[in-house]
Amino acid sequence: MDIKLAHCFIAVDDHDKAIAFYRDALGLEVRDDVGYEGMRWVTVGSPSQPDVNIVLEPPAADPNASPADKQAMMELLAKGLLRGVIFETDDCDATFERISAAGGEVLQEPMDQFYGVRDCAFRDPAGNLLRFTQPLAR
């Protein structure tokens with residue numbers, strides 16, 4: 001049995017800003033851009049991982065969520081309290097410089113961590129935490 005990651009989801013409140021960030025600042029490719037019943041889903045991914053997709057979805061996309069739940073999701077997103085994504089890079093410092101130069105909101109400059117990586121952190125335009133990690137040579 002072979003199990004692999006195919007999709008992960010990141011809530012965004014403005015797809016156009018999200019596309020500009022994930023495509024232009026991070027260098028991901030836009031794979032799909034789909035609208036349905038007043039909502040929009042955009043799929044992006046790394047050219048080096050064609051079988052892994054990141055879906056940029058509305059924060060209240062769950063049809064089973066109550067209006068109160070949808071409002072809570074919007075509030076958590078606005079505060080930057082939803083979980084983020086960790087990307088692996090072969091050059092943490094160059095990645096940091098690229099995203100910083102593109103206007104990314106810096107949370108942590110590159111630093112070596114005791115658990116064996118060099119990493120940095122940003123917030124995307126919706127407030128999601130994004131970390132960029134590079135394994136340290138052992």
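When we screen VAL30, VAL44 for residues that are closer than 19 Å to GLY127 by Cβ and in a strand (DSSP E or B), the only hit is VAL44. Listed by first and then second residue, the pairs with beta-carbon distance under 6 Å, at least 6 apart or on different chains, first residue in the range 8-23 and surrounded by 15 or more Cβ atoms within 10 Å (Cβ to Cβ), second at pLDDT 95 or above and assigned to a helix (DSSP H, G or I), are VAL12/ALA18.
When only residues in the range 66-97 that are hydroxyl-bearing (Ser, Thr, Tyr) and without any contact (Cβ under 8 Å) to a residue 40 or more places away in the chain count, which is nearest to GLN134 (Cα to Cα)? Restricting to residues being hydroxyl-bearing (Ser, Thr, Tyr) and without any contact (Cβ under 8 Å) to a residue 40 or more places away in the chain, the top hit is THR95.
The condition (being over 17 Å from LYS17 (Cα atoms) and surrounded by 13 or more Cβ atoms within 10 Å (Cβ to Cβ)) is satisfied by just one residue among PHE114, PHE96, PHE122: PHE96.
Among the residues making up the range 52-86, those that are buried (at least 16 other Cβ atoms within 10 Å of the Cβ) and in a helix (DSSP H, G or I) are MET73, LEU77.
Screening ILE99 against (1) among the hydrophobic types (A, V, I, L, M, F, W, C); (2) touching a Lys or Arg at 6+ places or on another chain (Cβ under 8 Å); (3) modelled with pLDDT of 95 or more leaves a single unmet condition, (2).
The values are calculated or read from the model by the stated rules, or taken from the named source; none is laboratory data. The structure displayed is predicted, hence computed values, not measured ones. Note: ideal-geometry Cβ built from the backbone for every residue, glycine included; neighbour counts use all protein chains shown.
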